[in-house]
Amino acid sequence: SSCDGLEWTGHGMLLDYDFHQNKELGHVWELPVMLPLKDGDGKTVCHVLLLCACQIEGDIVETYYFLGNWDAENRKFRKLHDKARLVDLGKGVFTGPSGFVTPDGRSVLFTIAQGRRNFQAEQEAGWAHNGGMPVELRWDGTDLGVRPVREAESLKRTVLLESDGTGDVSEQLAAHPGNRLALELTAVGDTASVCLCAGEERLEVRYDRNAKHLGVWNAAGQEIGRWRGAVDDVDIGGELIHFTCYLDHSMLEVYLNGKKSVSLRNYFTESRHFQVSGEIRSLTLWEMAAAYNLD
C-alpha cells in the first residue's frame with residue numbers, strides 16, 4: 001500500500017493456497033481481479049478472486065477463481081475452498097480477466113478470447129484474438145454464477161425461429177444459417193445439447209444432469225472441453241436445462257442455467273447453423289446486430 005505512490009509498505013501474501021492442489025495455476029498469476037458477489041437482493045455474500053494462470057508446464061492458460069471473504073483490515077483474501085475453480089469450460093479461450101462494478105451494482109468481467117489459428121493464418125487475417133462476451137458475476141446460492149451482460153439483449157433483432165419443440169427442430173434451425181445469431185433453449189429431461197454445424201464440421205456442447213457434466217465434443221466424437229473431474233461439476237438440481245448461446249463469426253459462447261460458460265473458437269468456412277437435441281420445451285433463434293457501427 002502507498003499514500004503517495006512513492007513510498008510503499010508490503011503486507012505479505014494476498015492469498016495462502018496449496019500449490020500441490022493447484023499446479024494448474026502455474027508460477028505466474030496474471031491480471032488478478034477481485035469483485036463482490038451479490039445475491040438476488042443485492043446483498044454482498046462474498047468475493048471472488050480471479051486470475052489468469054500462465055507460465056504453466058504442460059498446460060494451457062485459463063482463468064481460475066477462488067471464492068472467499070476480503071479482510072480489508074489485514075489485507076487478506078480468506079478463501080472458502082482449497083481447489084481453484086474454472087469460470088469457463090471451453091479450454092483455453094476464456095483468458096485475461098478484467099472487471100469492475102457498474103453504477104447499478106453489477107460485477108462485470110471482461111476477457112481476452114484466445115485465438116486458435118497458426119501464426120501464418122493470423123498474419124494473413126491481420127488479427128489474432130478478441131474480447132469475449134462481457135459477463136455478469138453473482139452469487140447463485142451455492143457458487144459463482146455467470147451469465148451474459150444484460151446489455152447484449154439490446155442487440156437481438158429479427159426472430160428467425162420460435163418453437164415449442166414439436167416437429168424436427170434441427171431441420172428448422174438448419175434453414176436459418178448465419179454468423180451473428182443468438183439462441184435460447186429450454187429442455188426437460190436429464191440431457192440436452194446445442195451443436196454448431198458447418199458442412200462436416202461440428203462443435204457440440206452437451207449437458208448431462210446426472211453426471212453434472214458440461215462438455216464439448218468435436219465432429220470426431222472427441223471431448224475437447226476443459227474437464228478435470230468433480231471439481232468442474234455443474235449441478236443445476238431440478239431446474240430445467242437452459243442454454244443461452246451467442247454465435248459471432250469465429251466465436252461460440254454458451255451459458256448453462258447462469259452457472260457456467262463455455263467459450264469456443266470456430267473458423268468454419270462453410271455456412272454455420274445450429275442443431276439441438278433433447279426434449280425441447282421452448283426455443284428461440286434471433287439474428288443479432290453488430291455491437292459496433294463500423295460504417
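The values are calculated or read from the model by the stated rules, or taken from the named source; none is laboratory data. All values reported here derive from a predicted model rather than from experimental measurement. Positions of Cβ are backbone-derived with ideal geometry, glycine not excepted, and every protein chain shown enters the neighbour counts. These accessible areas exclude ligands, DNA and RNA; they are computed on the full protein's heavy atoms, side chains included. Shrake-Rupley method; radii C 1.70, N 1.55, O 1.52, S 1.80 Å.
Miscellaneous remarks
- Residue count for the stretch 273-295, restricted to those that are part of a loop (DSSP other than H, G, I, E, B) and either aliphatic (A, V, I, L, M) or at pLDDT 95 or above (or both): 4.
- Candidate set: the stretch 104-120, residues that are free of Cβ contacts under 8 Å to residues at least 40 places away in the same chain and among the hydrophobic types (A, V, I, L, M, F, W, C); chosen: the one surrounded by the fewest Cβ atoms within 10 Å (Cβ to Cβ): 119
- The set of residues from the stretch 175-192 being of a type in the set (Gly, Ala, Ser) and either surrounded by 21 or more Cβ atoms within 10 Å (Cβ to Cβ) or over 15 Å from residue 280 (Cβ atoms) (or both) comprises 175, 178, 182, 187, 192.
- Number of the condition not met by residue 281 [criteria: (1) touching a residue at least 60 places away in the same chain (Cβ under 8 Å); (2) crowded, with 18+ Cβ neighbours inside 10 Å]: (2)
- Which listed residue is closer than 27 Å to residue 230 by Cβ and either of a type in the set (Gly, Ala, Ser) or modelled with pLDDT of 95 or more (or both), from 107, 1: 107
- The strands (runs of 3 or more DSSP E) located wholly in the stretch 1-103 that include 2 or more residues which are under 20 Å from the mean Cα position of the chain (by Cα) and crowded, with 17+ Cβ neighbours inside 10 Å occupy 28-38, 44-54, 62-71, 94-101.
- Those residues of the stretch 214-261 which are of a type in the set (Lys, Arg) and either touching a helix residue (DSSP H, G or I) at 6+ places or on another chain (Cβ under 6 Å) or open to solvent by 20 Å² or more (accessible area, probe 1.4 Å) (or both), in sequence order: 226, 228, 259
- Scanning the stretch 121-130 for residues that are closer than 21 Å to residue 96 by Cα, out of contact with any strand residue (DSSP E or B) (no Cβ under 6 Å at 6 or more places or on another chain) and open to solvent by 50 Å² or more (accessible area, probe 1.4 Å) yields 126, 127.
- Matching residues in the stretch 260-271 - criterion: being at pLDDT below 95 and either touching a strand residue (DSSP E or B) at 6+ places or on another chain (Cβ under 6 Å) or not in a strand (DSSP E or B) (or both): 266, 267, 268, 269, 270, 271
- All strands (runs of 3 or more DSSP E) inside the stretch 121-212 with 2 or more residues being touching a residue at least 40 places away in the same chain (Cβ under 8 Å) and more than 18 Å from residue 259 (Cβ to Cβ): 156-163, 180-198, 201-208
- The number of residues in the stretch 215-246 being of a type outside the set (Val, Ile, Thr), in contact with an Asp or Glu (Cβ under 8 Å, 6 or more places away or on another chain) and in contact (Cβ under 8 Å) with a residue 40 or more places away in the chain comes to 7.
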